[in-house]
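Here the structure comes first, spelled out in structure tokens, and everything after it is commentary.
Coordinate-derived values only; no laboratory data. Fair warning: this is a prediction, and the values are worked out from it, not measured in the lab. Note that each Cβ is placed from the backbone with ideal geometry, even for glycine, and that neighbours are counted across all protein chains shown.
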Amino acid sequence: MTVGVRSFAKINLGLEIGARRADGFHALRTVYQTIALHDRLRVEVARGVGIEIRSPDRRVPCDESNTCWRMAARAMKALRARGRVVIQVEKALPVQGGLGGASSNAVATLLAIERALGKQLPSEDRLRLAAEVGSDLPLFLVGGTVLGLGRGEEVYPLEDLPALDCVIVTPGVGVSTPQAFADWDAKNQRAGRKEKQVGGGGQGAGKLTGTRGSVTLKGFSRAVSAWLSGSSTGVPAKGSGDRAEALLLDLVHAGIENDFESVVFPQHPELRAVKRALECAGAAYASLSGSGSTVYGLFKSRASAQKAAARLSAEGIPAVATKTLTRREYWKRIFE
């Protein structure tokens, strides 16, 4: 049986980096948000043995280094199933772009294998397998608006934020996440910053670097609380977009930032220029997603997002208008 599945992307609404933990990872705090942009996968479980990955995109590895391969191996073992797994990947999302494309592909592979076999793992087993393959895989087992803690793998579903129009810009720049973390550590060592504890306990507890991080974290938490309660600091306008527009104001007023910008932008000034271009094109809020290289902008209307994407594309900046996906819409659209 062959199963078609959409593999949706994510953006990060704020990202706080903590100190390196004993296991070598950094403590993180972020809000993930799934968006409508996606890859397409077709997964077949047939007679035989082994795993095969096919893709016309040369950037997609077809060996054991591919997250889909690693997930397929774990999924078949966990489901106590036998067969040859063939995964066809049609890429639309950038590689090393900060949109979670490879992670989303792996989760899509798991879901497709389950459907092809007519079996389903318990939720806790799904999350465990996902976290074993990568830090930001578990968010794609939740969808919508998701709080990420620990190294990003501790995920908690938040009440969905209102649908937002956005523009995704994917410059032809590859940003190495390990290098970005190394640059962050080097930056803080040069500054001689002291580490501060992040609340939360358990694996999610870590240390946040510097006073600025602590202050931003408080603003970040207040803004998230406002989103959850539906009460925001922004003055709402009339019409159905009131809450979405107020949310955009909250993002700006709270000073929510992606810490990676402080180390990625100096290495790749063209990405800083893209963020400024989005702001000049009318974005109410713009940010790097993950460690990059994707930069996104949130807009107050579909028309303004489409106009901005067209303007940036005309200037030679690869941009596309899309929307955020609620949890319900995410799961409604995931299977083709």
Once both labels are modelled 7 Å past Cα along the beta-carbon direction, what's the ALA92-TRP331 spacing in nm? 2.3 nm
Could you list GLU124, GLU329, GLU279 in order of exposure, starting from the residue whose Cβ has the fewest other Cβ atoms within 10 Å? GLU124, GLU279, GLU329
Apply the Karplus parameterisation 6.51 cos²θ - 1.76 cosθ + 1.60, with θ equal to phi minus 60°, to every residue of region 182-188 and state each ³J(HN,Hα) to the nearest whole Hz, in sequence, with x for glycine and proline. 4, 5, 5, 4, 5, 4, 6
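Remind me, relative contact order of region 1-158 in percent, using alpha carbon pairs under 8 angstrom and six or more residues apart? Don't skip to the end; give the middle numbers.
Working: 341 pairs, mean separation 45.7, N = 158.
Value for region 1-158: 29 percent.
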Return the sequence-ordered ³J(HN,Hα) values of region 105-116 in whole Hz as given by the Karplus equation 6.51 cos²θ - 1.76 cosθ + 1.60 applied to θ = phi - 60°, using x for Gly and Pro. 4, 5, 5, 4, 4, 4, 5, 5, 4, 4, 5, 4
Under a point spin-label approximation (7 Å from Cα along Cα-to-Cβ), what is the ARG42-ALA22 distance to one decimal in nm? 4.9 nm
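Quick one: length gained pulling SER123 to SER313 fully straight, 0.36 nm per residue minus the C-alpha distance? Present the calculation step by step, with values, prior to reporting the outcome.
Details: separation 190, 0.36 × 190 = 68.40 nm, distance 4.14 nm.
64.3 nm is the gain from fully extending SER123 to SER313.
How much FRET efficiency would the formula 1/(1 + (r/R0)^6) give for THR177 and ARG272, where r is the Cβ-Cβ distance and R0 is 22 Å, rounded to 0.05?
Details: r = 18 Å, r/R0 = 0.84.
Computed FRET efficiency for THR177 and ARG272 comes out at 0.75.
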Quick one: net charge of GLY4's neighbours, Cβ under 9 Å, K/R +1, D/E -1? +2
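Any idea what the dipole of region 2-159 comes to, in debye rounded to 20, about its Cα centre with Lys/Arg Cβ at +1 and Asp/Glu Cβ at -1? Don't jump to the answer; show the numbers that get you there.
Numbers: 23 positive and 17 negative charges, 100 e Å.
Using only the charged Cβ atoms, the result is roughly 480 debye.
Are there any trypsin sites (Lys or Arg not before Pro) in region 29-76 that are in a DSSP loop and have at most 16 other Cβ atoms within 10 Å? List them by number. Walk me through the numbers before you get to the answer.
Values: sites: ARG29, ARG40, ARG42, ARG47, ARG54, ARG58, ARG59, ARG70, ARG74; in loops: ARG47, ARG58, ARG59.
When the trypsin sites (Lys or Arg not before Pro) of region 29-76 are filtered for loop state and at most 16 Cβ neighbours within 10 Å, ARG47, ARG58, ARG59 remain.
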Which net charge results for the neighbourhood of ARG70, defined as the other residues with beta-carbon distances under 12 angstrom from its beta-carbon, given Lys and Arg at +1 and Asp and Glu at -1? -1
Could you give each residue of region 95-102 its phi-based ³J(HN,Hα) in whole Hz, using Karplus coefficients 6.51, -1.76, 1.60 with θ = phi - 60°, and x for Gly or Pro? 8, 6, x, x, 9, x, x, 5
In nm, the gap between the two label points placed 7 Å beyond Cα toward Cβ at ARG59 and LYS77 is 3.0 nm
Amide proton proximity set for GLU257, modelled H, under 5 Å, gap of 5+: LEU15
Please report how far the C-alpha centroid of region 115-178 lies from that of region 61-89, rounded to the nearest whole angstrom. 18 Å
In terms of modelled amide H atoms, which long-range or inter-chain residues lie less than 5 Å from the amide H of ALA27? GLY18, ALA19, ARG21, LYS207
